[in-house]
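Contents: one structure, followed by commentary.
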Amino acid sequence: MTTRTTAEWQAADAAHFLHPFTDFQALAKKGARIITHAENIYLRDSEGQRILDAMSGLWCVNVGYGQQALIDAATRQMQELPFYNAFFQTATPPAIELAELLAEVAPPGLRHVFFAGSGSEGNDTVVRMVRRYWDLQGQPERQVIIGRWNGYHGSTMAGASLGGMKYMHAQGGLPIPGITHIEQPYWWLHGRPAGLSRDDFGKVAAGWLEQKILEVGPEKVAAFIGEPIQGAGGVIVPPATYWPEIQRICDQYGILLVSDEVICGFGRTGNWFGCQTVGSRPDLITFAKGVTSGYVPLGGVLVGERVARALIEQGGEFEHGYTYSGHPVACAVALANIRLIREQHLVEHVRDELGPWLAEAFAQLAEHPLVGEVQTCGAMGALLLVKDKSSGEAFPAEQEVGMLCRGHCFGNGLIMRAVGDRMIIAPPLVMTRAQVDEMVALIRRCLDLTLADLNARGWVA
Ligand code: PXG
């Protein structure tokens with residue numbers, strides 16, 4: 001790679017690189033921030049500025065940057081066998097070993113894996129697999145998959161359709177047929193309904209699934225898909241009653257439960273998988289991101305006994321797969337990554353240390369005049385910015401207060417994401433106590449700067 005000035009990088013970037021989820025013209029005017037190096041939880045940009053990455057890249061660098069074991073695993077595998085496929089009755093050792101190891105760390109009953117290249121591809125596989133399963137059960141009319149508004153399941157045709165981002169559906173004629181949505185279990189959005197505790201609300205929100213099943217016709221419903229904790233939707237932690245009730249409803253109607261763990265998997269919530277934190281027993285688990293800590297792309301689906309048995313024993317050929325299903329380099333990196341998570345006890349670290357530290361720090365941030373509510377779960381957290389703390393009144397959407405706050409974070413060496421006015425974090429799981437303190441001090445400073453900014457604009461009461 002050549003060395004260029006920031007301006008030179010930005011010019012070449014604007015001339016040729018179409019970025020994901022980006023207004024190309026606006027970015028070309030402003031110029032992208034060029035990230036050149038990273039170590040542990042810190043990034044460095046082309047201007048030499050150090051940035052604390054409280055988003056783990058994009059929810060994925062669970063073990064932090066610069067882990068030699070992963071680098072060595074990739075190097076060794078590239079030298080030995082950089083690629084071979086798994087299509088024509090062949091396999092490679094890393095893919096076999098990874099399938100075996102995933103079966104070990106997965107919740108009980110999920111003993112098979114189908115590999116893909118990303119979370120989106122994993123969810124495309126889910127759609128194919130769920131529908132194939134019901135065909136094999138002699139119930140081909142069971143086609144409908146129920147997702148949730150403001151859920152995120154990727155950006156392919158199937159992934160974006162399962163997801164409930166309306167602005168995505170608006171481009172490209174989505175959702176594809178046979179996918180429908182229910183409301184999300186977001187207490188605050190639903191107006192903190194009077195007389196209804198969070199736990200009662202959780203049951204009401206799960207009940208929307210039953211209503212939808214009855215509306216569609218139980219004999220037509222194939223599966224329900226949800227993230228244990230919504231990530232891209234704004235780190236929305238559902239009431240504790242929600243998932244057990246969802247599980248009960250899925251059981252009652254015999255429909256498959258899919259837990260999309262692209263963000264929640266591999267320690268993020270303080271267990272290996274988020275379903276173990278929220279109390280569901282999925283038939284299928286989508287994974288990606290944290291499986292390799294993002295060092296190389298890999299995704300896939302963990303398959304429970306009910307579906308695996310049908311596919312294996314009755315299925316014949318499953319007409320589906322990707323060139324990179326079981327890519328040996330990606331699988332070798334995933335093996336090194338999972339072993340490192342085990343050796344460094346990172347799941348326990350999140351459960352017993354990092355999670356409680358973040359919960360405590362966020363409870364203190366809740367006292368800030370701009371913060372309406374805080375939520376954390378393991379190594380994820382959200383702060384909701386509100387105009388009026390006592391009433392909970394929101395800022396007008398067009399003021400884009402979240403983006404304003406994110407700008408202050410960017411300017412002050414902190415990466416935090418804004419989803420509307422929810423400021424969210426999902427830091428690397430290796431974070432120490434001192435680093436939590438450093439991050440929280442930065443967050444506090446950025447909240448203060450945002451408040452001063454809003455005062456100057458006359459946007460706060
Ligand atoms: N499922 C979930 C739950 C995700 O969070 C995907 C599927 C798709 O994975 P791939 O690997 O195809 O991107 C994701 C991805 C954001 C953001 O803005 C979140 C994701 C991707 C891009 C941006 O928070 N999550």
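The values are calculated or read from the model by the stated rules, or taken from the named source; none is laboratory data. Predicted, not measured: the structure shown is a model, and the values here were computed from it. Cβ sites come from the backbone with ideal geometry, for glycine too, and all protein chains shown count toward neighbours.
Of all residues in region 117-158, count the ones that are in contact (Cβ under 8 Å) with a residue 24 or more places away in the chain, closer than 23 Å to GLN314 by Cα and either out of contact with any Phe, Trp or Tyr (no Cβ under 6 Å at 6 or more places or on another chain) or of a type in the set (Ser, Thr, Tyr) (or both). Summing the residues that are in contact (Cβ under 8 Å) with a residue 24 or more places away in the chain, closer than 23 Å to GLN314 by Cα and either out of contact with any Phe, Trp or Tyr (no Cβ under 6 Å at 6 or more places or on another chain) or of a type in the set (Ser, Thr, Tyr) (or both) in region 117-158 gives 20.
Only residues that are touching a Gly at 6+ places or on another chain (Cβ under 8 Å), touching a residue at least 40 places away in the same chain (Cβ under 8 Å), buried (at least 21 other Cβ atoms within 10 Å of the Cβ) and part of a loop (DSSP other than H, G, I, E, B) were counted across region 379-427, and they come to 2. Within region 353-379, the only residue that satisfies the criterion of being touching a Leu at 6+ places or on another chain (Cβ under 7 Å) and among the polar types (S, T, N, Q) is THR376. Within the bounds of region 208-226, is there any residue that is out of contact with any strand residue (DSSP E or B) (no Cβ under 6 Å at 6 or more places or on another chain), in a loop (DSSP other than H, G, I, E, B) and more than 16 Å from the ligand (Cβ to nearest atom)? So far as region 208-226 goes, yes, one or more of its residues are out of contact with any strand residue (DSSP E or B) (no Cβ under 6 Å at 6 or more places or on another chain), in a loop (DSSP other than H, G, I, E, B) and more than 16 Å from the ligand (Cβ to nearest atom). Here GLY48 meets the list (1) crowded, with 21+ Cβ neighbours inside 10 Å; (2) away from the ligand (no atom under 16 Å from the Cβ); (3) part of a loop (DSSP other than H, G, I, E, B) almost entirely, failing just condition (1). Cβ-Cβ distances below 9 Å connect the following pairs, each with a first residue in region 9-29 that is under 24 Å from ALA232 (Cβ atoms), a second residue that is acidic (Asp, Glu) and at pLDDT 95 or above, and a separation of six or more residues or different chains: HIS19/ASP13; LEU27/ASP13.
If you go through region 310-345 and keep only what is more than 15 Å from ARG131 (Cα to Cα) and of a type in the set (D, E, K, R), you end up with GLU313, ARG339, ARG342, GLU343. Under the condition of being within 19 Å of ALA366 (Cα to Cα) and in contact with a Phe, Trp or Tyr (Cβ under 9 Å, 6 or more places away or on another chain), the residues counted in region 426-442 number 4. Listed conditions (1) more than 15 Å from the ligand (Cβ to nearest atom); (2) farther than 28 Å from ASN85 by Cβ; (3) in contact with a Leu (Cβ under 7 Å, 6 or more places away or on another chain) are all met by SER280, apart from (1). List the helices (runs of 4 or more DSSP H) inside region 238-336, counting only whole elements, that have at least 3 residues being surrounded by 19 or more Cβ atoms within 10 Å (Cβ to Cβ). In region 238-336, 242-253, 274-278 are the helices (runs of 4 or more DSSP H) which contain 3 or more residues that are surrounded by 19 or more Cβ atoms within 10 Å (Cβ to Cβ).
When region 155-165 is limited to residues that are within 9 Å of the ligand (Cβ to nearest atom) and outside any helix (DSSP H, G or I), the one that is surrounded by the most Cβ atoms within 10 Å (Cβ to Cβ) turns out to be GLY163.
The set of residues from region 97-149 being within 16 Å of the ligand (Cβ to nearest atom) and surrounded by fewer than 21 Cβ atoms within 10 Å (Cβ to Cβ) comprises GLY117, ARG128, TRP149.
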